[in-house]
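A short worksheet on the structure shown next.
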Amino acid sequence: MKLSVITDEISQDFEHALDVMCEYGVRGAELRALWNTNIADLDEEQTSRALRALHQRGMQVVALATPLFKCDLEPAGDTDSAAGPLHLARASTMQQQQQILERCAKLAECFETSNLRIFSFWRKSAPSPEIEKRIAQAFQQPLAYAEQNGLTFLLENEHACYVGSGAETARFMQHISSPALKVVWDPGNAFALGETAFPDGYEAAKPWMAHMHVKDAVRITTPELGTHAKWCVMGQGEVGYEAQFEALRRDGYTGWISLETHFKPEKGTGENGAGTAEDGSRACLDYLQRALAQ
């Protein structure tokens, strides 16, 4: 197992994020947003600057965390609206996905990675067999493009999208035969959707797993939101990472594990003593160093 970080979970200052990662011996970087620009919108100057920063520190890009297919699947929903987090990406329609894909493919070549993280359209209901077939059909042309261009799509189980849990991932992957589609297993997202992420979700998604995102949470209940996941320091939540990492060792997983912190402490090094994304990420990296060294 190799540790990486989605860099903007530390800071939008890309160079600073890499420096923090180096402090913890992390040499893998997953790119989503740099200098307040989503990866899909990175220009030539920013790309060159990012490459210099990576090369100077001897770091490797493990994947581009693209916003591909974070859009509406339904024809009636073909508007540029968002139903979930976009992380500085522009809202887009189904018709714009091929253009985003081609742009991200060029960036993947620049950053010397073949891995593009993708999604499964905004979740408007529980994913029925009909919806799963429609998603598979929507993926046909992009998957053909990926195969022709040596790319691997890493489908993340995202609770704001149709494929959100391990069980839903397993059901959907039965519709796909392309070697260009693998799975990003995210136990935190599965937990947020209400699934028992480990062992249930993991065991379901495991046959297709090629990458992993990690974040931890507890379930709380508030009058405004009802019962929902609240992000916390890794190892202090209810996702069950100690058992999850033990299972990864047992199963011989040798791929990347990308920290996607999502947690900011109430108090920290920010303005007026507020906690920052970096504070949360450092706390999680402290845990991950210990957990992965065992």
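The values are calculated or read from the model by the stated rules, or taken from the named source; none is laboratory data. What you see is a predicted model, and the numbers here were worked out from it, not measured in a lab. In this analysis, Cβ positions are derived from the backbone assuming ideal geometry, glycine residues included, and neighbour counts consider all displayed protein chains.
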Hey, can you tell me all the residues within region 276-294 that are among the hydroxyl-bearing types (Ser, Thr, Tyr) and touching a residue at least 60 places away in the same chain (Cβ under 8 Å)?
-> Ser281
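From the list Glu238, Glu242, Glu203, Glu195, pick out the single residue that is crowded, with 19+ Cβ neighbours inside 10 Å, modelled with pLDDT of 95 or more and either of a type in the set (D, E, K, R) or more than 21 Å from Thr261 (Cβ to Cβ) (or both). If you could, list the steps in order and put the result at the bottom.
Details: Glu238 fails: crowded, with 19+ Cβ neighbours inside 10 Å; Glu242 fails: crowded, with 19+ Cβ neighbours inside 10 Å; Glu203 fails: crowded, with 19+ Cβ neighbours inside 10 Å.
That would be Glu195, the only listed residue that is crowded, with 19+ Cβ neighbours inside 10 Å, modelled with pLDDT of 95 or more and either of a type in the set (D, E, K, R) or more than 21 Å from Thr261 (Cβ to Cβ) (or both).
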Hey, any hits in region 177-192 for a residue that's surrounded by 15 or more Cβ atoms within 10 Å (Cβ to Cβ), free of Cβ contacts under 8 Å to residues at least 24 places away in the same chain and more than 28 Å from Ala146 (Cβ to Cβ)?
-> no
Taking region 147-164 and the residues there that are assigned to a loop (DSSP other than H, G, I, E, B) and more than 20 Å from Ser128 (Cα to Cα), the one that is nearest to the chain's Cα centre (by Cα) would be Leu151
Return the only residue of Asp41, Asp19, Asp72 being over 18 Å from Phe119 (Cα atoms), acidic (Asp, Glu) and surrounded by fewer than 22 Cβ atoms within 10 Å (Cβ to Cβ).
-> Asp19
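State all residues of region 263-294 that are part of a helix (DSSP H, G or I), on the phi < 0 side of the Ramachandran plot and surrounded by fewer than 17 Cβ atoms within 10 Å (Cβ to Cβ); if no residue qualifies, say none.
Glu271, Asp286, Gln289, Arg290, Leu292, Ala293
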Hits in region 96-133 - residues which are surrounded by fewer than 16 Cβ atoms within 10 Å (Cβ to Cβ) and closer than 13 Å to Glu74 by Cβ | Lys124, Ser125, Ser128, Glu130
If you check Val26 against the conditions, is it surrounded by 15 or more Cβ atoms within 10 Å (Cβ to Cβ) and under 18 Å from the mean Cα position of the chain (by Cα)?
-> yes
